[in-house]
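Here's the structure we're looking at; comments come further down.
The values are calculated or read from the model by the stated rules, or taken from the named source; none is laboratory data. Because the structure is a prediction, the values reported are computed rather than measured. When we count neighbours, we look across all protein chains shown, and the Cβ atoms used for this are built from the backbone with ideal geometry, even at glycine.
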Amino acid sequence: MRGLWLSLLLLLMCPLLQAETPAVMTFDRGQISFLRDSSKQLTLEQARALYAEGQFKPVEGNLGLGYIPDVVWLHFKIERAATQQHEAWLEIMPPYLDDMHFFHIHPDGKVDSRRGGDRLPQPAKEEDYRGTLFKLTLSPGEHEVFLRLQTTSTMAAIVRLWQPDRFERHLRHGYFAFGLYFSLILTVLVFNAVNWVVSRRNIFLVYVGYLFLNALQWLGINGFVAEFIFPAHPLLANLTLGMSLSLAAAMAFGFFIMVLELKQHHPFIYRTSLAGMALCSVTALATPFGYYGVFAPWMLGFGVLTLFGVPWPATRLWQTGEVWARLLATAYLIYGLLIAINILGVLAVLPFGDVINIAGMSSNIAHILLLHFAIMLHYRRIEADHAAVLEKSVQAERQTALDKSYREDQDRLLAMITHEIRTPIAVIDAATQTLEALDDTPSADREERYDRIHRSVNRLSALLDLAVAQTRRDVTDWQLTQGLIDPVVLTDEVVKLLGNPLAQRININAVDPLPTLIGDDRMLRFALLNLLDNAANYSPSGTPVRVRIEAATGGLAWRVEDEGPGIPPGMEEKIFDKYVRLGDSSGKAGLGLGLYLARHIVERHGGTLKVEAGRTRGACFVCWLPASNRGERA
């Protein structure tokens, strides 16, 4: 990182270095004039005649006409005194002008003709230079220059006349500055590539792709692809420029979709960005077929329109108050401003000049200085949060293991108790039956007592079944014992198991005719016992519990209604989960397994158990079971 900051410092010093190397001559307003040749057929003689007739128009500053299909003729004059140096170099920028014919008319009328442009291989140029350079010998007097320009890129031209030694000094400093610029991009690119290898986060890979295409684009715009990568193949250099520019724009849309989270927070800007990606991709595909100049203005114009959406994501990020978010917002605003200046200059909306190219390249510096660090801070924060979540997860797993251990201990204790209780229950039941058998003439009071003992024994047996079910925790372990079931008789048996005073509060309403059921009466008795016991215990003392038994679509339904506090909204399904209880206001102990087991029993019989939603008073549980095919109950 220390090398990165040193490179940034040197890069910022480069404008000061270049300020010491001014051009010998620049052409001010009105010194250069131009003519648009829509026919593309004008000869030098015809152009000279039109200039003499005043058909050429003065250029306001540098030439910048945007994407036009015409040939453009430039004209300017060079005055040379006898005391001035005769040798001079004429530089024509930018490097991506395709074809130029240079006509130098000496004071004696002699015409010197040469070729230039990026369609020439580097070895064929007068100077192995990224732009176009014509070496002139200027005798004293007035020299005229006609320059014929043709390009599929934006029609722009910056003309400078240099002293050779000054140009060489300017060239050294310029290449030094470009070296720092691209070294800086390469450093950040490699750094993010390593981040991607380590973290496997796609945002780093997309950023690497964006930086690579962006660097390749600016290498092409500044003529370095033609000079160093494809010096003998100018068509490949042109193709690389057009495709890298289009793909870099597409990658920019994709990158900002991800880093600004446009899909989640700004759906309209997200869809607009997707359209921009599509248009850039079409432009890239059209470039090899020679249609770059047709699609490029639309691509760049659409890009400017999308930049009007920059303030919304930037404002949202700034309002978060996070350091990384504010860095990202600042980088995005600077990037939007600089790239807008660059595009508007290329489209000839703003005057074309060096500042247009500098603005475009500086937009990358905004990435490197701010956006890069914003991304790093953001994902370091995410990693820290992820580590905290993992720690909480580990703690939760430990707590779950402890809870499981506690429940297993509880289950073992409960299993031991139920095992020990079964023996005295069996003794009580056997003793009661023996007493009944020995009592030849039992009184009504004794018969009532015998009946009460039998009911208590049956209820204790049912409660032991509940305890066993709780220790198993999985109803699927039970084997179903199928048999015919009378729903009314089953309900009466469950009510008897409740005993007084709970049984006295149960009001049963059976709506005939009722279908016959096939199932395991022991398991269904347990499920229904849970529903009635729940309703009686969770409603105020003395209030009725209504049980309605009726035929339903394809089967039979129990509707168990109480006048308790009801089920809170959103808990209609949650209460059927394991260990979930609504509270202990009733004073009823339990593990929160009753409703869970009841639902699974019903579902194993092919039925459903649910809570009726939307009630304002009390709760209503609806248990539906499919009917058998043996007819209806009489």
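For D512, indicate whether it is under 53 Å from the mean Cα position of the chain (by Cα) and either under 15 Å from C623 (Cα atoms) or among the charged types (D, E, K, R) (or both). Give the derivation first.
Details: under 53 Å from the mean Cα position of the chain (by Cα): no; either under 15 Å from C623 (Cα atoms) or among the charged types (D, E, K, R) (or both): yes.
Spelling it out, it is not the case that D512 is under 53 Å from the mean Cα position of the chain (by Cα) and either under 15 Å from C623 (Cα atoms) or among the charged types (D, E, K, R) (or both).
From R119, R114, grab the single residue that is outside the structural domain of S244 (by TED's automatic domain parsing) and either modelled with pLDDT of 95 or more or on the phi > 0 side of the Ramachandran plot (or both).
Working: R119 fails: either modelled with pLDDT of 95 or more or on the phi > 0 side of the Ramachandran plot (or both).
R114 is the lone residue from the list that is outside the structural domain of S244 (by TED's automatic domain parsing) and either modelled with pLDDT of 95 or more or on the phi > 0 side of the Ramachandran plot (or both).
Out of (1) more than 60 Å from the chain's Cα centre (by Cα); (2) modelled with pLDDT under 75; (3) loosely packed, with under 12 Cβ neighbours inside 10 Å; (4) in a loop (DSSP other than H, G, I, E, B), what's the single condition that is false for P442?
(3)
All but one of (1) farther than 16 Å from A249 by Cα; (2) under 21 Å from the mean Cα position of the chain (by Cα) hold for S281; which doesn't?
(1)
Being part of a helix (DSSP H, G or I) and either under 20 Å from D128 (Cβ atoms) or not assigned by TED's automatic domain parsing to the domain that holds F289 (or both) narrows it down to one residue among F182, F212, F204; which is it? Step through it out loud before you land on a result.
Values: F212 fails: either under 20 Å from D128 (Cβ atoms) or not assigned by TED's automatic domain parsing to the domain that holds F289 (or both); F204 fails: either under 20 Å from D128 (Cβ atoms) or not assigned by TED's automatic domain parsing to the domain that holds F289 (or both).
Going through F182, F212, F204 in turn, just one is part of a helix (DSSP H, G or I) and either under 20 Å from D128 (Cβ atoms) or not assigned by TED's automatic domain parsing to the domain that holds F289 (or both): F182.
Being closer than 30 Å to W318 by Cα and among the small types (G, A, S) is the filter; apply it to the range 371-409 and report the residue that is surrounded by the most Cβ atoms within 10 Å (Cβ to Cβ).
So the residue we want is A374.
Quick one: L300 ticks every box in (1) farther than 30 Å from D128 by Cα; (2) surrounded by fewer than 20 Cβ atoms within 10 Å (Cβ to Cβ); (3) in contact (Cβ under 8 Å) with a residue 24 or more places away in the chain bar one, so which box is it?
It fails just one condition, (2).
So if I check each of L120, L63, which one is among the aliphatic types (A, V, I, L, M) and over 18 Å from R160 (Cα atoms)?
Testing whether each residue is among the aliphatic types (A, V, I, L, M) and over 18 Å from R160 (Cα atoms) leaves just L120.
Scanning the range 106-122 for residues that are farther than 13 Å from H143 by Cα and out of contact with any helix residue (DSSP H, G or I) (no Cβ under 9 Å at 6 or more places or on another chain), which turns out surrounded by the fewest Cβ atoms within 10 Å (Cβ to Cβ)? Full working, then the answer.
Our first condition is that a residue be farther than 13 Å from H143 by Cα; within the range 106-122, this holds for 113-122.
In the following step, the residues that additionally are out of contact with any helix residue (DSSP H, G or I) (no Cβ under 9 Å at 6 or more places or on another chain) were identified as 114, 116.
Values: R114: 14, G116: 22.
For the range 106-122, the residue satisfying everything is R114.
Looking only at residues in the range 315-333 that are under 18 Å from the mean Cα position of the chain (by Cα) and among the small types (G, A, S), which one is surrounded by the most Cβ atoms within 10 Å (Cβ to Cβ)?
The qualifying residue surrounded by the most Cβ atoms within 10 Å (Cβ to Cβ) is A329.
What's the number of the only condition in (1) in a loop (DSSP other than H, G, I, E, B); (2) in contact with a Phe, Trp or Tyr (Cβ under 9 Å, 6 or more places away or on another chain); (3) small (G, A, S) that A232 fails to meet?
The one condition A232 does not meet is (2).
With buried (at least 20 other Cβ atoms within 10 Å of the Cβ) and of a type in the set (A, V, I, L, M, F, W, C) as the only criterion, which of F224, F253 stands out? Break it down into steps so the answer makes sense when it comes.
Values: F224 fails: buried (at least 20 other Cβ atoms within 10 Å of the Cβ).
After applying the criteria, what remains is F253.
With respect to the numbered conditions (1) touching a Lys or Arg at 6+ places or on another chain (Cβ under 6 Å); (2) over 30 Å from Q84 (Cα atoms), which one is the sole condition not fulfilled by E144?
(2)
Grab the strands (runs of 3 or more DSSP E) fully contained in the range 32-133, keeping just those with 2 or more residues being of a type in the set (G, A, S) and touching a Phe, Trp or Tyr at 6+ places or on another chain (Cβ under 7 Å).
Numbers: elements: 33-37, 63-66, 71-80, 87-93, 99-105, 111-116.
By residue number, 111-116.
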